[in-house]
Amino acid sequence: SLYYDNSLKFTTSSDGITVTGTVNADALDMGDDERVKLGTSDDLQVYHDGSNSYLKAVSAGTGDLYLFADGKTIYLRPKSGEDGVKILPDAQVELYFNGSKKLETVTGGVYVYGDLGFGIGGSGNLFGGDNRKLLLGSGNDLQLYHDGANSYIQHGGTGDLYIDTLNNSADMYIRSKDNLH
């Protein structure tokens with residue numbers, strides 16, 4: 001046991017050592033699978049298993065895992081200099097793929113940069129509630145929506161409205177519920 005000013009600061013035992021107070025060190029060198037454990041139930045663990053590195057909130061522990069940056073941006077980077085996820089101080093989130101921003105949360109919703117696919121690799125639909133419109137064109141010239149009772153394709157008057165087939169030899173039909181043409 002070691003004391004400082006009549007206070008116990010360092011004790012050895014068959015399990016290891018116990019330090020009371022603050023530990024200041026230039027480095028902490030640990031081997032694979034050796035863990036820094038925090039919390040009375042070892043709730044948070046930091047370690048490297050020989051292949052991967054972990055910051056792990058143990059499921060048997062208490063509470064959730066929070067990352068705070070005190071007004072700073074949080075970055076999750078899969079490799080040096082390339083963002084994977086960027087969380088900005090005002091709760092804006094950006095997702096990146098191969099160094100390019102693909103999704104960004106904004107005050108009014110979400111911006112998607114690139115194609116938006118759905119139902120790929122399985123079933124899926126794109127849903128919108130009543131009176132939620134699909135707006136196309138810089139002046140929202142084409143609008144598609146359902147108002148709860150009726151469905152609409154509205155044209156805003158800029159240019160003409162064309163409904164074309166991509167294959168000139170294909171027929172085009174407008175069908176009623178009973179499949180009449």
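The values are calculated or read from the model by the stated rules, or taken from the named source; none is laboratory data. The structure presented is a predicted model; accordingly, all values stated were derived computationally and were not measured. A quick note on method: Cβ atoms are made from the backbone with ideal geometry, for glycine too, and the neighbour counts reach across all protein chains shown. Keep in mind that these areas ignore ligands, DNA and RNA; they rest on the heavy atoms of the full protein, side chains included. Shrake-Rupley method; radii C 1.70, N 1.55, O 1.52, S 1.80 Å.
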Limited to region 86-113, what total is found for residues that are more than 13 Å from the chain's Cα centre (by Cα), on the phi > 0 side of the Ramachandran plot and open to solvent by 60 Å² or more (accessible area, probe 1.4 Å)?
-> 1
In region 142-167, how many residues are surrounded by 12 or more Cβ atoms within 10 Å (Cβ to Cβ) and either hydrophobic (A, V, I, L, M, F, W, C) or in a loop (DSSP other than H, G, I, E, B) (or both)?
-> 5
Answer yes or no: is there a residue in region 95-105 that is charged (D, E, K, R) and either in a loop (DSSP other than H, G, I, E, B) or more than 30 Å from TYR54 (Cα to Cα) (or both).
-> no
Hey, can you tell me all the residues within region 31-60 that are under 26 Å from the mean Cα position of the chain (by Cα), of a type in the set (D, E, K, R) and open to solvent by less than 80 Å² (accessible area, probe 1.4 Å)?
-> ASP43, ASP49
Residues of region 6-18 classified as surrounded by 12 or more Cβ atoms within 10 Å (Cβ to Cβ) and either touching a residue at least 24 places away in the same chain (Cβ under 8 Å) or of a type outside the set (Phe, Trp, Tyr) (or both), total = 4
Out of LEU142, LEU161, sole residue that is modelled with pLDDT of 80 or more and under 30 Å from GLU104 (Cβ atoms) = LEU142
